[in-house]
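Q: I have a structure I would like to understand better, so I am pasting it below and will then ask my questions one at a time.
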Amino acid sequence: MQIFETYNDCFAATENGSIDTAALGSLGWALARMTTDDGRDVEGAPIIFGHGERAPIILLSATEGDGFCIVMARVENSEVFDQFKQAFGSDLPDPDENGAITFFAQGHVVQIAQTGSRDEPSVRLAVGTKNGD
């Protein structure tokens, strides 16, 4: 499943305790470039990475240092999100008041949440650089 592959790539980009864009590049991810109508780079634009062979995108909170690597992906329906949660096992904590589920995996804080709308559901997975030790 492309979402899990992308989630694993976020772990690769945060495994050293800081965001590593080179790790994403080595896995086939490329930084999106946002420009104005006259071709100038947009200052302060979101840090978005895309992959030529996958539908999910990656958002970064920063290009280095502490932060989050966030996977955003469309899903077919809300049942897919339920199946996705089951893949993490039965030990997940209950969702918070906003529906996000936060836990630790491989020493990193991880948050998963169903996003989008009923007509266009999606999932968000965030992997933090800080470890949970």
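The values are calculated or read from the model by the stated rules, or taken from the named source; none is laboratory data. Note that the coordinates shown come from a computational prediction; the quantities given were computed from them, not determined experimentally. Positions of Cβ are generated from backbone atoms using ideal geometry, with glycine treated the same way; all protein chains shown enter the neighbour counts. Accessible surface is based on the protein model in full, side chains and every heavy atom, while ligands, DNA and RNA are left aside. Shrake-Rupley method; radii C 1.70, N 1.55, O 1.52, S 1.80 Å.
Q: Go through the range 108-130 and report how many residues are open to solvent by 20 Å² or more (accessible area, probe 1.4 Å) and either under 26 Å from residue 65 (Cβ atoms) or hydroxyl-bearing (Ser, Thr, Tyr) (or both).
A: Matching residues across the range 108-130 total 6.
Q: Quick one: residue 81 ticks every box in (1) more than 15 Å from the chain's Cα centre (by Cα); (2) surrounded by 11 or more Cβ atoms within 10 Å (Cβ to Cβ) bar one, so which box is it?
A: (1)
Q: The conditions are (1) touching a strand residue (DSSP E or B) at 6+ places or on another chain (Cβ under 9 Å); (2) open to solvent by less than 40 Å² (accessible area, probe 1.4 Å), and residue 94 fails exactly one of them. Which is it?
A: Going through the list (1) touching a strand residue (DSSP E or B) at 6+ places or on another chain (Cβ under 9 Å); (2) open to solvent by less than 40 Å² (accessible area, probe 1.4 Å), residue 94 breaks only (2).
Q: Could you look through the range 9-61, keep only residues that are under 17 Å from the mean Cα position of the chain (by Cα) and among the charged types (D, E, K, R), and pick out the one that is least open to solvent (accessible area, probe 1.4 Å)?
A: 9
Q: Filter the range 97-107 for residues that are among the small types (Gly, Ala, Ser) and under 19 Å from residue 75 (Cα atoms); which is most open to solvent (accessible area, probe 1.4 Å)?
A: 99
Q: Still on this structure, please answer the following. So is residue 35 closer than 14 Å to residue 128 by Cα, polar (S, T, N, Q) and at pLDDT below 95 or not?
A: No; evaluated as a whole, the condition is false for this residue.
Q: Given 110, 80, 123, 127, which one is among the aliphatic types (A, V, I, L, M), in contact with a His (Cβ under 6 Å, 6 or more places away or on another chain) and under 18 Å from residue 56 (Cβ atoms)?
A: Only one candidate passes the filter, namely 127.
Q: In addition: For the range 102-122, what are the residues that are part of a strand (DSSP E or B) and closer than 18 Å to residue 8 by Cβ?
A: 103, 104, 105, 108, 109, 110, 111, 112
Q: Quick check on residue 73: is it closer than 16 Å to residue 120 by Cα, among the hydrophobic types (A, V, I, L, M, F, W, C), open to solvent by 40 Å² or more (accessible area, probe 1.4 Å) and at pLDDT 85 or above?
A: When the stated conditions are applied, residue 73 does not pass them.
Q: Right, next: Of the residues in the range 1-54, how many are polar (S, T, N, Q), part of a loop (DSSP other than H, G, I, E, B) and touching an Asp or Glu at 6+ places or on another chain (Cβ under 9 Å)?
A: Adding up the residues that qualify gives 1.
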